[in-house]
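Peer 1: Submitted below is the structure of interest, expressed as structure tokens.
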Amino acid sequence: DHRSATRYTRVGLLVGGACVALVLALAAFFTVRLRRAVLRPLNELVRAASRFGSGDFASRVGEVGEGEFRDVAQAFDAMADELEARESQVIRSERMAAIGQLAAGVAHEINNPIAVIRGYLKTMGPETSDETLIEELAILDEEAAACQRIAEDLVAYARSPDLVRQPTDIAELLRETAKRFGETPEGREHEIDLDLSDATIDVDGPRMRQVILNLLINAAQVAEPESPLEVRSSKTDADYRIQVLDLGPGVPDGDHERIFEPFYSKRPGGSGLGLAVCSGIVRAHGGTITASDRPDGGTEMSIALPLAGAGQ
């Protein structure tokens, strides 16, 4: 009848209204959930991409969202770390290139006059019998020679370390270098303890000899008088490692990386170029060179050369 129809209509309207309200509530719920799960992480990633693109690496994305979004955020942070490291390397390379150009110009300008000065000093010595004058001329020649060494270091630093690689018995190269060092004024004051592992790797022998000899001379100049120096080497699955150790005062805190920068030296009379040249040669071989403190005092200079392509 009419009353039943009216009642059913009202019930239907109420049920329909409840369903609409439920649909609206579910839509709002899923909208909020979608915003939290998708839109917010996307906005964070967009902002992070904008920061990284402008060179701002001060902050990272962190843990944003869940599942795949969290994986993407971690990938963004890893990318930012890599970009920051590469940017620092590019800046350093550009700075080193500028310094290298300046160094080459300075070395060219001062090397020739110094050679002329030393030539005149050598001819003046035999012509005089005055002992005082002879000593003074010798001092002048030593100082000129020091300037010439600085000029040679400048040239070595500015020169591109083009390598002539060939299979080399690296342990034998280290023995020969230690023997040559023993013939220098610094080497006569120190014994060298050798503990070497045999290996044949592709290196530029003269360049690597230059590196090791430079490290030994540096070690002798800072080591305690008549204290022994050590040269050790070992082979791993990935690289060949060389350590030059001394019993000197060690490297001051904060200087373990700076000592490889050009013109940075706290040693009286040092040009600050020797370790920079060594670092360039080692890096040209695809290796690394680091400085660390020994537990019992002194410094350990460590070189790691890759074994890839080595003839074992």
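The values are calculated or read from the model by the stated rules, or taken from the named source; none is laboratory data. Since the structure is predicted, the reported quantities are computational estimates derived from the model, not experimental observations. Using ideal geometry, Cβ is built from the backbone for each residue, glycine included, and neighbour counts are taken over all protein chains shown. All accessible areas refer to the heavy atoms of the entire protein, side chains included, with ligands and DNA or RNA removed. Shrake-Rupley method; radii C 1.70, N 1.55, O 1.52, S 1.80 Å.
Peer 1: Once you have a ≥ b ≥ c as the square roots of the Cα gyration tensor eigenvalues for the range 145-241, tell me rounded if a/c is under 1.5, and otherwise prolate or oblate according to whether a/b is larger than b/c. Before the final figure, lay out the partial values.
Peer 2: Numbers: a/c = 2.28, a/b = 1.10, b/c = 2.08.
Cα axes put the range 145-241 in the oblate bin.
Peer 1: Which of these values of Cα Rg over 2.2 N^0.38 Å was calculated from the structure shown: (1) 1.75; (2) 1.57; (3) 1.05?
Peer 2: (1)
Peer 1: Using a simple spin-label model with points 7 Å from Cα along the Cα→Cβ vector, what separation in nm is obtained for Asp193 and Arg47?
Peer 2: Distance between the two pseudo-spin positions: 5.8 nm.
Peer 1: Please give me the summed charge of the neighbours of Glu143: other residues whose Cβ is under 12 Å from its Cβ, Lys and Arg +1, Asp and Glu -1.
Peer 2: Values: positive: Arg118, Arg149; negative: Glu136, Asp141, Glu142.
That sum, taken over residues with Cβ under 12 Å, equals -1.
Peer 1: With Cβ to Cβ distances under 15 Å as the rule, what net charge do the other residues near Ile212 carry (K, R +1; D, E -1)?
Peer 2: Values: positive: Arg175, Lys179, Arg180, Arg207, Arg209, Arg232, Arg241; negative: Asp169, Glu172, Glu176, Glu183, Glu186, Asp193, Asp195, Asp204, Glu230, Asp246, Glu300.
Here the charged neighbours net out to -4.
Peer 1: Further question: Expressed as a fraction of 2.2 N^0.38 Å, the rule-of-thumb size for a compact globular protein of N residues, what is the C-alpha radius of gyration of the range 161-312?
Peer 2: On the way: Rg = 14.7 Å, N = 152, 2.2 N^0.38 = 14.8 Å.
Relative to the 2.2 N^0.38 Å estimate, the range 161-312 comes out at 0.99.
Peer 1: Rank these by accessible area, largest first, 1.4 Å probe: Asp162, Asp293, Asp237.
Peer 2: Working: Asp162 110, Asp293 75, Asp237 165 Å².
Sorted descending by solvent-accessible area, the residues read Asp237, Asp162, Asp293.
Peer 1: Placing unit charges on C-beta atoms (Lys and Arg positive, Asp and Glu negative, everything else neutral), compute the dipole magnitude of the chain about its Cα centre in debye, rounded to 20. Walk me through the numbers on the way to the answer.
Peer 2: Values: 33 positive and 50 negative charges, 630 e Å.
Computed charge dipole of the chain: roughly 3020 debye.
Peer 1: Now, a different point. What net charge do the residues around Arg241 carry, taking every other residue with its C-beta under 10 Å from that of Arg241, with Lys and Arg at +1 and Asp and Glu at -1? Each step should come with its number before you reach the end.
Peer 2: Working: positive: Arg232, Lys235; negative: Asp239.
That sum, taken over residues with Cβ under 10 Å, equals +1.
Peer 1: Then there is this: Using the Kyte-Doolittle scale, which helices in the chain average at least 0.0 and also have C-alpha atoms spread 27 Å or more along the helix axis, with helices defined as whole DSSP H runs? Could the numbers behind the result be given before it?
Peer 2: Working: long enough: 2-34 (47 Å, 1.09); 68-124 (81 Å, -0.06); 131-158 (40 Å, 0.36).
Span-like helices, by this rule, are 2-34, 131-158.
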